[in-house]
Every structure is written in C-alpha cells, then in structure tokens.
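Q: Let me give you the structure first, and then I'll get to my questions.
The values are calculated or read from the model by the stated rules, or taken from the named source; none is laboratory data. Every value quoted in this text rests on a predicted model; they were computed, and no experiment measured them. Reconstructed Cβ throughout: ideal geometry from the backbone, glycine too, with neighbour counts over all protein chains shown.
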Amino acid sequence: MPSAAWRERYEGKVTTVAGALARVRRGDRIFIGAGCGEPQALVDGLTDMAGRLADLDVYHLLTLGTAPYAAPRFSNVFRHNSFFIGADTRHDVAEGRADYTPLFLSEVPRLFTAGHIPIDVALIQVSPPDEHGNCSYGVAVDITKPAAENAKIRIAQVNKHMPRTLGDSFIHTDDIDAVVEHDEPILAQPPPEPDAVSREIGRQVAKLVEDGSCLQIGIGAVPAAVLQFLFNRKDLGLHTEMFTDAVIDLVADGVITNQRKNIHRGKILASFCMGTKRLYEFVHNNPQCEFRPSNYTNDPFVIGRNDRMVAINGALEIDLTGQVCSDSLGYNFYSGIGGQVDFIRGAGRSLGGKPVVCLPSQAHHGESRIVDHLSEGAGVVTTRGDVHYVVTEYGIAYLHGRSIRERAMALIEIAHPDVRAELLAHAKERHYVFMDMASPRSERYPEELERHVTLPDGGHVLFRPLRLSDDALVRDLFYDTGERSVYQRFMGHKATYPRQEREEVVNVDYSTTMSIAAATVAPIAGQLVALAEWRPDPDGTTAEVAFLVRDEWQNRGLGTLLFEYLVDLAMERGFTGFTAEVLADNQGMLHVFQDGSQPVRTRLSDGAYSVKIEFDPDEVRRRTAAARRSRDRARD
C-alpha cells in the first residue's frame, strides 16, 4: 500500500496565490507553463504583485491566454521572452517590448539543463496528485517539464480540470515548493475551421499519406484540414509535437491505430495538445496516449526511427530555390521555428518518409506566397537543402535532389495562375531556367483527368496529363525505349530528342492539345511507361494522335486502354475523330486502333498507313454537352 507520508508534506505546501508568489524576487528569471497548460491564476497573481517586483525575465513557449505582464505599463517590471510567438504577444515583440528567441524546439530544453538559461522560478499547472503523490503536467509536457526540473523554485497550480496524461509526464509533490489549489477550465483552443483553399491543400497533402504512415501534424488550418481526407487510410500512426480534437475521430474510426510504428507501437506520442474539453477528456488517463518532453518527441533521430514518417507543416512564403520562411513577415517576427525543422529532418531520415511544407498560393490580400526571392528581412527556417515536398491548392512540387531549374519550374506550376508568367520572367532574369522556355499554356493542371488503371495482366499504372516539369521524364522515356519503337513512333530514325521538341509535348493546354502519360504509381513523378498525345489537324475538327510505349510494357493491353481514354477526352472537347500515320510493320499500333470502339479507315501508301478514326457524332454531342455542364457546376 502506498505510503501517505507525502500527503502531509503536500498539505504543508498548500497556500494562496499571493503566498506562493511571495517567493519571487526582483531580477528573477521566471518560466511559465506553455500553451493550454498555462497556470492562469498564477499569471494573474504575478501581474497583481508587479508593484513590488522589477527586472523579471519571463520565458514562455507559446501564450494562448493573456499575457498581461507584457503590457507597456509593466515594461520596467517584466521582460517577456518567447520561443514561439503567439497572437497576444506578436505586437509586443514587433514594438520591442518583448523578445523572441529562435531555436529548434528539440533544443530548447537543453538551455535549461545546461544552465544557459538558469530558471529561478517555474510557474506550472498540474493535475491533482495520484495515490503515489505524482502530479501530471497534463496537456503541456513539452519544455515545461525540463524547465521545472531545472528551476530553483517550482510553484504549481493544482487544477482538478487538468487531465492526467501518461508517459514521461509527472512531477512528484515532493519536488514542488508551493502549491496553489485553484480549479478553472483549462484553456481551450478549438481547431480552426478550414476554408475552401485549406481543404484543397489538405486533399493534395493527403495523397502523400499511404497506409501505415506515421504522421506529424503542425499548427494551423491547413495541417488540420489534411486529417479530413484520411478516413479511408489504414493503420496510421501519430508521432507529433502536438495534436488537436481533429485526431479523435480518426482514432475512433480505427484509422489511427499506431500498430505499424517502429517505436512506441500502439501509442500516440506527443509533447502537448491544444483543443477543447472533448480532447482533454480523451487524453485523460488514456494509455493510448503518451506525452514526453520536446527534447525526445522532437529529436530528429527518434522521429526518423519510424518508417513512412509524414511531417506536415505550414509556411509563410517560399522562394523559387526552395528556401522556406515560416516565422516572420519581412522584418516582423510572426510565430517561431517551433518543431518544423525537427520533423522535416526527422521525416527526411525516415525510410519512406515525406517531409511536407504546405501553404496557400496567395496571402489574404492577394500577394503570392511563392516568390522569386524572400521578402527583405524574412528568415529562412527550412533550408533549400531540407525541403522535399511543397504543396499549395494547385498541386504538389517535389524539390529534394532537384536542380534550381527543376525547383523553379515545379514551384511555378503550383503558384497562383495570376503570377506564373511573372515568376517565370524573374526565373529567366536570374538564369534559373532556360531563357527560351515558354510560359505554361494552361492556368491549371487538370487533376480530374488522372485515372488509376489496372491492366489485363494485373499491373497498375496512373494515366495523367503531362506538365512542364515532366520534361526529364519524357526525355528518359525516349532514350530508354528501344530504337525500333522510336523508329515506328517518329516514322524514321531519331537519335536525339531536343528539349525544344519535348517542350511541345509537355507544355499543353489540355483542350486543343493533350499529352497523357501512363506512369508507374508514385506520389509525385513515377517513371513514364507510355505516352499518348494529340495535336489538332489543320481543319481543327480532328486531331493527329501518336503513341510511344516502352518495350517491356508492350503487348500488355496498355496501348488499347490509353487509346480509349484519349478518345473519351477528345469527344468531350468536341473533336470528331483522330488521324494517324502508322508504318506498315507497326502491326501492334494498327491493332490498337482497329480493336477500339470507333470505326477505322486505313489507306496504305509508300510503306505507311494513313489512319482515320471517326467518332459517332451523336456521342460527341452528348459527351461535349456533359463536359460543359460539369464545368459549369464546378464554376458555380
């Protein structure tokens, strides 16, 4: 049976707010518990006794309540220093009344343990003690536990509303110097309601999450929106610095099981949480959740031990070389480094990991978030060497291991259509891209044209339109395909495929011109195994079609499926038929046309067939009208 001796010692430490804070001296360094774990009664009491104090440094990770001590009238008493700037202190930092210390969240605890920032008094909020005298730090373990452990004096607000979270999350009452028993609701931070842009970004990011992935979800509407699109996944895990209410439904539906994690299997691992009463009830005494300090949860080497780690974080702007700013707007500090780099690098170390940076293409006032250079004064948080995936509502750009030219083109493609031409012009000025590179012919990539296809032999490919950044893939398809197949495709010997010619293939408008590739299934750019394209004939009512299929993918039914898909797309755009030129010995291509659903006429002349494929006029009218109605609904 546990000894009750600790209880007598505990009762002797219980006092009033004023009695507890009487231990604070002029010139002290004060740490205040972070986020939703902020001890509100102690913070208010500290401000009330400002008249007898002076020159206090106040350290905080993130303020979600009020920070009255940062008010101008207390400038000679308190100096607020934040490791991550909240909305309530942003103005104070901008006007020089408060400080911001930029640091990776994983490294903040070391400031306390190594004595670089000696803490005199830690003001914390904890759950009531259990039968052994242990109090839980509850919703905020993060840097609070290391700061308290290294403080000279620990003052705790004991609140029955603080959930008892499990893990490396406890402090014994013997290690607390003064106790204030004060019950009040824990600070709430409901997840932001994603708008249409955030939801679309979330949908794009969700493409990168496969079954068995382990997630880190950052703060903000965009990361939260991702979770809405994951209900059809299986066995997801969660290893994150923080999480919100949005996680609960995925757990309840059996999507987040944590059963495929390499470490802490079966557990949600986090250092703090921010949400509502529903979340706090979920984490209370829940053995499925384990809370640990930030120096562990955010350690990139620990993070990287989980396979398929997907780290999802936001940004304020990114330049064409891949430099990510996420803590400042020009010279004005906006938030902080937080755990972004910790998890970006951890996911980069993970087997099959995907570090993701997501941001809307435009700011609220219409400024582009993808820029030719970062704003003057803006700081680089995630370097161009760390960045992997960048996502906007217009798609996904993969930058890791890519040249500056490839990065610039990939980012221009997912920028807002209104600024793409301007960004391309800037890229040319800086010689990031070819000086004769044409502007994109389409404002948007038609993602709705993507199709996952199963071949008759069970193989899987993705049919998708090409875009400008696919140039290298088209080049590889050409040079990796056998000479005979290339000869048949181009109606003669072709030793090289110059970039200017390839650009005509990848830079299409998806209406009058079209290039559809068959690619191996991959999140971004799987290998191209076949390519079909059309270009309008002079009369504008028919189009010439051509195909190229890798040798090892021929005779698998791929060409037939690709041809039928092209027919569907051409009908929707009002074309009345296809034409083609086919060498007489290219029997495979002839069979593709003749076995199709449309009537075919051929004429042999000089060793080649002129092929005419006539679409059913009634079917063309029906498909065109249906496509028009679909576009009208999308606009509405």
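Q: List the strands (runs of 3 or more DSSP E) that sit entirely inside region 371-464 and contain at least 1 residues that are among the charged types (D, E, K, R) and under 30 Å from TRP553 (Cα atoms). Reasoning before the result, please.
A: On the way: elements: 389-392, 395-398, 451-454.
Counting at least 1 such residues, we get 451-454.
Q: Please specify each residue of region 75-103 satisfying the condition of being over 20 Å from ALA50 (Cα atoms) and either acidic (Asp, Glu) or buried (at least 20 other Cβ atoms within 10 Å of the Cβ) (or both).
A: Those that are over 20 Å from ALA50 (Cα atoms) and either acidic (Asp, Glu) or buried (at least 20 other Cβ atoms within 10 Å of the Cβ) (or both): PHE83, PHE84, ILE85, VAL93, GLU95, TYR100.
This table checks each residue for (1) more than 13 Å from the chain's Cα centre (by Cα); (2) assigned by TED's automatic domain parsing to the domain that holds VAL521; (3) surrounded by fewer than 24 Cβ atoms within 10 Å (Cβ to Cβ).
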residue	(1), (2), (3)
GLN189	yes, no, yes
GLU200	no, no, yes
ARG203	no, no, yes
ALA206	no, no, yes
GLU210	yes, no, yes
GLY218	no, no, no
GLN228	yes, no, yes
ASN232	yes, no, yes
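Q: Sticking with this one: When the residues of region 508-563 are filtered to those that are charged (D, E, K, R) and assigned to a strand (DSSP E or B), which remaining residue is farthest from VAL592 (Cα to Cα)? Reasoning before the result, please.
A: Within region 508-563, the subset charged (D, E, K, R) is 509, 533, 535, 537, 539, 544, 550-552, 556.
Subsequent filtering for residues that are assigned to a strand (DSSP E or B) retains 533, 535, 544.
On the way: GLU533: 15, ARG535: 19, GLU544: 15 Å.
If we take residues in region 508-563 being charged (D, E, K, R) and assigned to a strand (DSSP E or B), then ARG535 is farthest from VAL592 (Cα to Cα).
Q: Ok, one more. Looking at this structure, is THR101 of a type outside the set (Asp, Glu) and within 30 Å of ARG345 (Cα to Cα)?
A: For THR101, the condition - of a type outside the set (Asp, Glu) and within 30 Å of ARG345 (Cα to Cα) - is met.
Q: Picking from HIS426, HIS431, which residue would you name as being over 30 Å from VAL567 (Cα atoms), in contact with an Asp or Glu (Cβ under 9 Å, 6 or more places away or on another chain) and not small (Gly, Ala, Ser)?
A: Within the list HIS426, HIS431, the selection yields HIS426.
Q: Within region 171-178, can one find any residue that is in contact with a His (Cβ under 9 Å, 6 or more places away or on another chain), at pLDDT 95 or above, polar (S, T, N, Q) and under 25 Å from ALA18 (Cβ atoms)? Walk me through how you get there before you give the answer.
A: Looking only at region 171-178, we keep the residues that are in contact with a His (Cβ under 9 Å, 6 or more places away or on another chain), and these are 172.
From the residues that got through so far, the ones that are at pLDDT 95 or above too are 172.
Imposing the further condition that a residue be polar (S, T, N, Q) reduces the set to none.
No, because not a single residue in region 171-178 is in contact with a His (Cβ under 9 Å, 6 or more places away or on another chain), at pLDDT 95 or above, polar (S, T, N, Q) and under 25 Å from ALA18 (Cβ atoms).
Q: Output yes when any residue across region 58-81 is in contact with a strand residue (DSSP E or B) (Cβ under 6 Å, 6 or more places away or on another chain), among the hydroxyl-bearing types (Ser, Thr, Tyr) and either within 18 Å of ARG29 (Cα to Cα) or free of Cβ contacts under 8 Å to residues at least 40 places away in the same chain (or both), and no when none is.
A: Scanning region 58-81 turns up at least one residue that is in contact with a strand residue (DSSP E or B) (Cβ under 6 Å, 6 or more places away or on another chain), among the hydroxyl-bearing types (Ser, Thr, Tyr) and either within 18 Å of ARG29 (Cα to Cα) or free of Cβ contacts under 8 Å to residues at least 40 places away in the same chain (or both).
Q: Please identify the pairs in which a residue from region 39-52 that is in contact (Cβ under 8 Å) with a residue 12 or more places away in the chain has its Cβ atom under 7 Å from the Cβ atom of a residue that is hydroxyl-bearing (Ser, Thr, Tyr) and part of a helix (DSSP H, G or I), counting only partners at least 6 apart or on another chain.
A: What qualifies is LEU46/TYR69; THR47/TYR69.
Q: For region 84-127, which residues satisfy the criterion of being assigned to a helix (DSSP H, G or I), of a type in the set (A, V, I, L, M, F, W, C) and in contact with a strand residue (DSSP E or B) (Cβ under 7 Å, 6 or more places away or on another chain)?
A: Within region 84-127, VAL93, ALA94 meet the criteria.
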